[in-house]
Structure formats: structure tokens, C-alpha cells
């Protein structure tokens with residue numbers, strides 16, 4: 001398990017790699033816009049502040065959406081596609 005911090009003050013704790021960051025947010029009833037849960041809608045954009053190396057790789061659908069949003073290569077991910085897979089710490093914030 002890795003450690004996830006969602007800023008500002010939304011969540012801090014251990015997370016299973018079976019859960020996406022969107023699932024963590026929904027369980028907390030945290031405000032997050034989403035639609036498709038497959039990386040296509042572009043509504044659940046997050047910024048990775050630290051721990052990029054502890055995240056799962058970006059898939060083709062998410063990569064295309066990040067490119068359309070002009071977020072590719074800017075430490076951004078879609079929360080519905082992003083999982084903490086390393087044992088280290090990941091810090092993210094929701095992009096509004």
C-alpha cells in the first residue's frame with residue numbers, strides 16, 4: 001500500500017492500489033466532477049504535486065484526454081484512471 005495525500009486537507013492515509021483516486025474522493029463525499037470513469041470525459045483532472053513514480057502508467061484513453069485538455073506533460077492525471085501502486089507517498093490536488 002502507498003500513502004495518498006489529497007490537498008488541501010481532503011485526505012491523508014494509506015490506500016489500496018485497487019482503488020482509483022476518484023474512488024477515494026467519492027468514498028469521502030468530496031466534491032469532484034466526473035462522468036465516464038474511463039478517462040474520456042476530462043472532468044476529474046488532478047495535479048500530481050509529488051510521487052509521480054508511485055502511480056500506475058498512463059493508458060491510451062487517459063493520454064488522449066490529457067492531450068485534448070492541454071494537460072499532457074504537466075504533471076496532470078485523470079483521477080478515475082490514477083492509482084497509487086508504489087509504496088511511497090503521492091500528493092495530489094483537484095484541479096477546479
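The values are calculated or read from the model by the stated rules, or taken from the named source; none is laboratory data. Because the structure is predicted, anything quoted here is derived from the model rather than measured. Don't worry about glycine lacking a Cβ; one is built from the backbone with ideal geometry, like all the others, and counts go over all protein chains shown.
In the set (1) under 22 Å from residue 61 (Cβ atoms); (2) modelled with pLDDT of 90 or more, the condition left unmet by residue 28 is number (1).
Yes/no matrix, rows are residues, columns are (1) part of a loop (DSSP other than H, G, I, E, B); (2) without any contact (Cβ under 8 Å) to a residue 40 or more places away in the chain; (3) out of contact with any helix residue (DSSP H, G or I) (no Cβ under 8 Å at 6 or more places or on another chain); (4) under 14 Å from residue 5 (Cβ atoms):
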position	(1), (2), (3), (4)
57	yes, yes, yes, no
61	no, yes, no, no
72	yes, yes, no, no
87	yes, no, no, no
93	no, no, yes, yes
96	yes, yes, yes, no
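When you scan region 72-90, do you find a residue that is on the phi > 0 side of the Ramachandran plot and surrounded by fewer than 17 Cβ atoms within 10 Å (Cβ to Cβ), even just one? Looking for residues that are on the phi > 0 side of the Ramachandran plot and surrounded by fewer than 17 Cβ atoms within 10 Å (Cβ to Cβ), one finds at least one in region 72-90, hence yes. Looking across region 14-47, the residues that are outside any loop (DSSP other than H, G, I, E, B) and touching a helix residue (DSSP H, G or I) at 6+ places or on another chain (Cβ under 9 Å) come down to 15, 20, 21, 22, 23, 24, 25, 45, 46. State yes or no: is residue 67 exposed (fewer than 15 other Cβ atoms within 10 Å of the Cβ) and under 10 Å from the mean Cα position of the chain (by Cα)? No; evaluated as a whole, the condition is false for this residue. Of everything in region 9-30 that is within 17 Å of residue 96 (Cα to Cα) and touching a residue at least 24 places away in the same chain (Cβ under 8 Å), the residue that is surrounded by the fewest Cβ atoms within 10 Å (Cβ to Cβ) is 30. Scanning region 45-55 for residues that are surrounded by fewer than 18 Cβ atoms within 10 Å (Cβ to Cβ) and without any contact (Cβ under 8 Å) to a residue 40 or more places away in the chain returns 52, 53.
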